[in-house]
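The values are calculated or read from the model by the stated rules, or taken from the named source; none is laboratory data. Treat the numbers as computed from the prediction; the structure is a model and nothing was measured. Heads up, the Cβs are rebuilt from the backbone with ideal geometry, glycines too, and the neighbour counts pull from every protein chain shown. Please note that ligands, DNA and RNA were not included when accessible areas were found on the heavy atoms of the full protein model with its side chains. Shrake-Rupley method; radii C 1.70, N 1.55, O 1.52, S 1.80 Å.
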Amino acid sequence: RDFQQADTERLSRWKRWKKTSSKSLKKALSEVKGLSSYLVLWRRDVHSIEEKFGTGIQSYFSFLRFLVLLNFIIFILMFSFITLPTIISKYGIFNSTIVNISPKNIEDNCTVYEPSGNKGLVYFYTYLKDLLSGTGFLEVTSLFYGYYTIDAAWISIMRYNLPLAYLLATFAYLALSLIWIIKRSVGGFKQNLLHDADPFQSYCNKVFAGWDFCITDPNAARLKHRSLQCELQTDLHEEKLKQKIAERTTKEKLRIYSLRIFINIIVLAILSGFFYSIYRVTVFSQENSNVSIRNDARTNAANLLVQYLPSMVITLANFIGPLIFSFLISFEDYTPAFEIQLTLMRCVFLRLANIGVLLFSLWSQISDCGTDKCKPCGYNYKLYPCWESDVGQEMYKLMIFDFIIILAVPLFVDFPRMLLVTHCSCKLVQWFGLQEFGISDNVLEIIYGQTICWIGTFFAPLLPAIATIKYFIIFYIKKISLTHTRKPAARPIRASSSNFFFFLVLLIGLILAFIPVGVSIAHIPSSKACGPFRNFNTSWEVIPDTILKFPTGLQQVLFGMASEAFAVPFFMI
């Protein structure tokens, strides 16, 4: 310090002032950063969970907080650029007007869309059914694609191109999600590389740096002791297994590989069974729910059940599948660590592929052109006059049903089980004990919901608002569940590896979401009876249509960038 002070005295007055100002600014920024940490959502709650249960469980709640913030920002984006301009122009605020361009060269049949909005005297249970299924009064609100049937808006003296804004906002929320996830996953990836670099290093980490100093609760400390002991035992067991694998004879190798091939065939058969069930149920639901709405042949309760059949079958598959996979993996003779990873990846594939099969089933119905049903419009306009809203309703129902299940499990399963364990001394009940708080299962649950949100936002622009509220409530449900009705897992996962795994699976979910949204934008003909893309064959056509209005030189540059010769190498890099 004395040396620096003497050095400062030799400086000119200007340089001395500059150095002092720089130090003062750094100090002020540091204090602002410190104060802003108090504004972080659930800061105290997350610290409390970290103190009691360690960093592994804390990483799950931090991940949940990330999804709340991500969905809130996506909602702000979609509301600001799509919903707000539409509302302003429809109600004539700021001297705004709507520009509606009549569709050209399109048959009148294609432009007929009569949403089943409730009219006259409506019973309460009808409102409840509409709230759960996204039909009736909800179908004609700004929640769904069909509401945005304007081509442009004049807000004061500015012409606002809603179709272009709708498409660019869709690209923006997908790009924002991708960049943010990659940014968040880099830190976990580095730590994971260091942790998995060398078995001896992993052993040293456990012995010398394995203790979690955030733990202050005695029960959590005992759990951590058992966890470290279990990790060391697992490492020894894995070393023995590696030695055993190295000593296998050709006959033993042949037997194990044959068994693994056979089990994987069973897994594929089970997955195929689930996928086919979802496909058949979706087709049945779409055909019968539409019939019941038109003819009113069924009661509201029966109609709601038919509409929710795909969601129920998907939830059942998501519940049964992991149980079967956990049972089958025990016969495959893998190391414990690889067993967990393979089971999780199978569960991830099952959950995300179920959504893909549901969308494929819907698209097969939308583009079903048998007996020239969709010849005039390019899609099945009789069954789906506004097919984008129908897809949005399916995503909405999946999200609502997923939320109902997450609410029901702690209330009707965990809570009664906790009462039994606390007040019943029966040996069988005590042997079962409290349900473990499995981090991986809970993470897969919310990633599944987030994938639904990413896919559904194009078809229901305000779906991120529902997802934000949903995850906000889930945070408190899971916190209460962890502290009162469940116990931490006996083998908790390390925070660094878990963070990387969470974001890796989230990235897989986002990549899956790109496919259906991309196909809907570029391949399937847009509805001619609703939405901002009525005057375009596909949603993507708004881009070249806008570019054609630019100067010739700029047109050539942009079309060159869109060509395969440029685009393929660019995206590869």
Residues within region 131-146 that are surrounded by fewer than 21 Cβ atoms within 10 Å (Cβ to Cβ) and β-branched (V, I, T), tallied: 2
In region 196-223, residue modelled with the lowest pLDDT [restricted to those that are open to solvent by less than 50 Å² (accessible area, probe 1.4 Å) and within 21 Å of F501 (Cα to Cα)]: S202
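Within region 29-46, does at least one residue satisfy the condition of being assigned to a helix (DSSP H, G or I) and crowded, with 17+ Cβ neighbours inside 10 Å? Steps first, answer last, please.
Keep residues of region 29-46 that are assigned to a helix (DSSP H, G or I), which gives 29-39, 43-46.
Next, only the ones that are crowded, with 17+ Cβ neighbours inside 10 Å stay: 46.
Checked against the condition, which is being assigned to a helix (DSSP H, G or I) and crowded, with 17+ Cβ neighbours inside 10 Å, region 29-46 yields at least one hit.
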Search result, residues across region 66-82 that are buried (at least 19 other Cβ atoms within 10 Å of the Cβ) and not hydrophobic (A, V, I, L, M, F, W, C): N71
Qualifying positions in region 335-352 - in contact (Cβ under 8 Å) with a residue 12 or more places away in the chain, of a type outside the set (S, T, N, Q) and open to solvent by 20 Å² or more (accessible area, probe 1.4 Å): P336, A337, I340, L342, L344, R346, F349, R351
Subset of region 1-35 [closer than 30 Å to L69 by Cα and either within 28 Å of the chain's Cα centre (by Cα) or of a type in the set (D, E) (or both)]: E31
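Would you pick out the residues in region 515-546 that are assigned to a helix (DSSP H, G or I) and surrounded by 15 or more Cβ atoms within 10 Å (Cβ to Cβ)?
Within region 515-546, the subset assigned to a helix (DSSP H, G or I) is 515-522, 539-546.
Hits for region 515-546 are P516, V517, S520, I521, S539, W540, E541, V542, I543, T546.
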Set S361, S326, S330: member being open to solvent by less than 10 Å² (accessible area, probe 1.4 Å) and out of contact with any Cys (no Cβ under 6 Å at 6 or more places or on another chain): S361
Condition met for Q435 (of a type outside the set (F, W, Y) and open to solvent by 10 Å² or more (accessible area, probe 1.4 Å)): yes
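Determine whether K427 is touching a helix residue (DSSP H, G or I) at 6+ places or on another chain (Cβ under 7 Å), in the same structural domain as L362 (by the TED database) and of a type in the set (K, R). Break it down stepwise before answering.
Values: touching a helix residue (DSSP H, G or I) at 6+ places or on another chain (Cβ under 7 Å): no; in the same structural domain as L362 (by the TED database): yes; of a type in the set (K, R): yes.
No.
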Enumeration of residues in region 237-256 that are within 16 Å of T335 (Cβ to Cβ), of a type outside the set (D, E, K, R) and exposed (fewer than 11 other Cβ atoms within 10 Å of the Cβ): Q243, A246
Residue list for region 147-167, restricted to those being open to solvent by less than 10 Å² (accessible area, probe 1.4 Å), part of a helix (DSSP H, G or I) and under 13 Å from F459 (Cα atoms): Y166, L167
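Look at F459 and say whether it is outside any helix (DSSP H, G or I) and either on the phi > 0 side of the Ramachandran plot or buried (at least 19 other Cβ atoms within 10 Å of the Cβ) (or both).
Details: outside any helix (DSSP H, G or I): yes; either on the phi > 0 side of the Ramachandran plot or buried (at least 19 other Cβ atoms within 10 Å of the Cβ) (or both): yes.
When the stated conditions are applied, F459 passes them.
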